[in-house]
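Everything below concerns the one structure shown next.
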Amino acid sequence: MSGDLSEEGRLRLAAERKLASGTAPPANGWTVSVDALGMLYRLASAPGSADEALKLLHELQVHQVELDLQQEQLVAAEREAEAALNRYQTLYEYAPVAYFVVDHSGTIMDVNRAGAGQVGGCPIGRAFSEVLASESRPAVQDLFAALGEEGDEATCRVRLAQDEGPVNLVAAVAPGGDLVLITVSNESGSRES
C-alpha cells in the first residue's frame with residue numbers, strides 16, 4: 001500500500017508514526033504563534049469545541065513534524081549534492097586529459113591542471129587560439145564554425161604553441177549551449193594543421 005502513496009502521503013504517515021511513537025524530532029525553530037495557541041485554548045475550554053481543538057492541535061503537530069522531516073531531507077540532499085560536486089570537481093581538476101572550457105567567442109573560461117600544464121600556465125581569460133601554434137589557428141576557427149547547438153561535436157588535429165607534436169582536439173557544445181568543452185589528447189585525429 002505504501003507504494004500507492006504520494007510523497008506527501010508518505011511524509012504525513014511518517015510524521016503521524018513519529019508522533020504516535022514519541023520519536024518526533026525536536027522542533028527546529030518551528031513554533032505555534034501566540035495567536036494560534038490562544039485560539040486553541042479558547043476552543044479547548046469550550047465543551048462543544050474541545051474535540052475540534054484537539055483535532056486542530058494534532059494537525060498542527062503533524063504538520064510541524066512533516067516540516068521537520070522535510071528539513072532533514074533537504075539537509076541530506078544538500079550534503080549529497082555537495083559531496084557529488086566535490087567528487088566531480090576533483091575528477092575534472094586531476095584528470096590525466098587536458099580539459100578546457102571555452103565560450104563561443106573562443107575565450108578560455110576554465111582549464112584543469114593537465115590543460116594548464118600542456119600550455120605552460122593558466123590561460124583563463126585568454127583566447128584559445130593563443131595557446132595554439134599559428135599554423136593551427138585556422139583549423140580551430142573551422143572547428144568552432146562546425147559547432148552550432150548543444151550536443152554538437154567536432155574534432156581536429158593541431159599543434160600547441162608550447163608543444164612540438166600534434167594533438168587531437170575534441171570540442172563539444174555543453175548542455176545549455178553557452179560553452180564549448182574541449183579535450184586535448186595525443187590520440188589520432190581527423191586532420192592535421
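The values are calculated or read from the model by the stated rules, or taken from the named source; none is laboratory data. Everything numeric here is computed off the predicted structure, so don't read it as measured data. Because the Cβ atoms are built from the backbone with ideal geometry, glycine has one as well, and the counts that use them run over all protein chains shown.
Being farther than 14 Å from V170 by Cα, touching a residue at least 24 places away in the same chain (Cβ under 8 Å) and in contact with a Pro (Cβ under 9 Å, 6 or more places away or on another chain) is true for just one of V131, V119, V158. Which residue is that?
Going through V131, V119, V158 in turn, the sole match is V131.
When region 40-71 is examined, which residues are found to be of a type outside the set (A, V, I, L, M) and touching a Lys or Arg at 6+ places or on another chain (Cβ under 7 Å)?
E66
Name, by its number, the condition in (1) in a helix (DSSP H, G or I); (2) under 22 Å from the mean Cα position of the chain (by Cα); (3) in the same structural domain as F144 (by TED's automatic domain parsing) that does not hold for E82.
Going through (1) in a helix (DSSP H, G or I); (2) under 22 Å from the mean Cα position of the chain (by Cα); (3) in the same structural domain as F144 (by TED's automatic domain parsing) one by one, E82 breaks only (3).
For region 99-111, check the following and say yes or no: at least one residue is surrounded by 11 or more Cβ atoms within 10 Å (Cβ to Cβ), in contact (Cβ under 8 Å) with a residue 12 or more places away in the chain, over 16 Å from A174 (Cα atoms) and not β-branched (V, I, T). Let's see the steps before the verdict.
Taking region 99-111 and keeping what is surrounded by 11 or more Cβ atoms within 10 Å (Cβ to Cβ), we get 99-104, 106-111.
If we keep only those that are in contact (Cβ under 8 Å) with a residue 12 or more places away in the chain as well, we get 99-104, 106-111.
If we keep only those that are over 16 Å from A174 (Cα atoms) too, we end up with none.
No; the residues of region 99-111 include none that is surrounded by 11 or more Cβ atoms within 10 Å (Cβ to Cβ), in contact (Cβ under 8 Å) with a residue 12 or more places away in the chain, over 16 Å from A174 (Cα atoms) and not β-branched (V, I, T).
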